[in-house]
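Written out below as structure tokens is the structure these notes cover.
The values are calculated or read from the model by the stated rules, or taken from the named source; none is laboratory data. These figures come from a predicted structure and were not determined experimentally. Here Cβ is always computed from backbone atoms with ideal geometry, including for glycine, and neighbour counts include all displayed protein chains. Please note that ligands, DNA and RNA were not included when accessible areas were found on the heavy atoms of the full protein model with its side chains. Shrake-Rupley method; radii C 1.70, N 1.55, O 1.52, S 1.80 Å.
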Amino acid sequence: MGTTSIYSALNYIQSNLKAPKGQFNSFGKYHYRSCEDILEGVKPHLKETNTCLVISDEIVTIGDHNYIKATATLYGADGGAVANSAFAKEPLDKKGMDPSQITGATSSYARKYALNGLFCIDDTKDADTDAYTANTTQTKVKAKAPETNSIKEKRIKEEYFNSIKQQMGIKGIDNKTIGEQMMKMFGKQNSKTLSEEELKALLNWATNYEVAS
């Protein structure tokens with residue numbers, strides 16, 4: 001593309017980037033994208049637009065808690081730059097991890113959302129997923145059918161699952177801990193059996209979760 005303005009380059013990347021969902025969450029039983037997945041998808045576009053991407057971290061203390069502030073900055077050949085930052089709370093303790101692993105996992109989470117904001121990555125279906133292909137094929141045949149109650153319920157549950165997963169990352173809650181809480185609150189082990197109200201209650205618990213010092 002030669003030399004172009006940083007915002008033109010960013011617009012091109014935002015319009016063309018497809019980051020695959022290469023990871024699987026055993027709690028919610030769904031695929032999601034990691035920081036590494038986004039970087040893998042964006043690298044070819046950096047070459048096309050003659051830009052470079054730099055990601056940095058810093059520890060920020062707010063009250064009694066430490067947060068990792070990740071900043072993703074896109075630099076252009078014209079000398080321009082545009083950046084976006086995101087925060088993730090560093091838990092005081094996480095089972096099965098030493099302190100360096102805890103910081104690394106928190107950093108990866110913050111970096112992912114810094115990249116999400118910079119490149120306008122949302123939760124739309126990727127072009128290589130079965131759901132995208134099926135929906136695209138059906139759209140060509142007929143207009144989209146009205147949302148049924150079952151589809152609406154599934155969509156709402158997926159939104160709760162995504163919000164719970166986000167809180168798990170921010171608060172450092174592992175699958176074992178949330179599984180134990182599900183048993184305590186609802187007597188259930190499989191998250192797929194939870195009702196909307198139960199998922200709402202579980203999200204409320206995760207949002208207010210505090211790691212003991």
Item to check | Selected residue (only one of Ser56, Ser100, Ser107 is under 30 Å from Thr4 (Cβ atoms), free of Cβ contacts under 8 Å to residues at least 60 places away in the same chain and not in a loop (DSSP other than H, G, I, E, B)) | outcome: Ser56
Checklist entry - Of Ile38, Ile55, which residue is open to solvent by less than 20 Å² (accessible area, probe 1.4 Å), β-branched (Val, Ile, Thr) and within 20 Å of the chain's Cα centre (by Cα)? => result Ile38
Checklist entry - When both residues are 6+ apart or on different chains and their Cβ atoms are under 6 Å apart, which pairs have a first residue that lies in region 169-180 and is touching a residue at least 60 places away in the same chain (Cβ under 8 Å), and a second that is in a helix (DSSP H, G or I) and open to solvent by 20 Å² or more (accessible area, probe 1.4 Å)? => result Gly169/Tyr109
Checklist entry - Looking at this structure, is Ile68 part of a strand (DSSP E or B), in contact with a helix residue (DSSP H, G or I) (Cβ under 6 Å, 6 or more places away or on another chain), of a type outside the set (Gly, Ala, Ser) and under 21 Å from Ser163 (Cα atoms)? => result yes
Next on the checklist: Can you tell me which residue is least open to solvent (accessible area, probe 1.4 Å) among those in region 141-156 that are assigned to a helix (DSSP H, G or I) and at pLDDT 50 or above?
Outcome noted: Ile156
Next on the checklist: Filter region 9-30 down to the residues that are more than 21 Å from Ala88 (Cα to Cα) and without any contact (Cβ under 8 Å) to a residue 24 or more places away in the chain and list them by number.
Outcome noted: Asn11, Ser15, Gly22
Checklist entry - All but one of (1) within 23 Å of Asn162 (Cβ to Cβ); (2) touching a Lys or Arg at 6+ places or on another chain (Cβ under 9 Å) hold for Phe24; which doesn't? => result (2)
Next on the checklist: Taking the condition of being in a helix (DSSP H, G or I) and of a type outside the set (A, V, I, L, M), how many residues in region 167-189 meet it?
Outcome noted: 11
Item to check | Top-ranked residue in region 90-106 [being touching a helix residue (DSSP H, G or I) at 6+ places or on another chain (Cβ under 9 Å) and open to solvent by less than 20 Å² (accessible area, probe 1.4 Å); ranked as farthest from Gly172 (Cα to Cα)] | outcome: Thr106
Checklist outcome for this item: The residue that is modelled with the highest pLDDT, considering only those in region 161-213 that are exposed (fewer than 13 other Cβ atoms within 10 Å of the Cβ) and closer than 27 Å to Ala114 by Cα, is Asn204
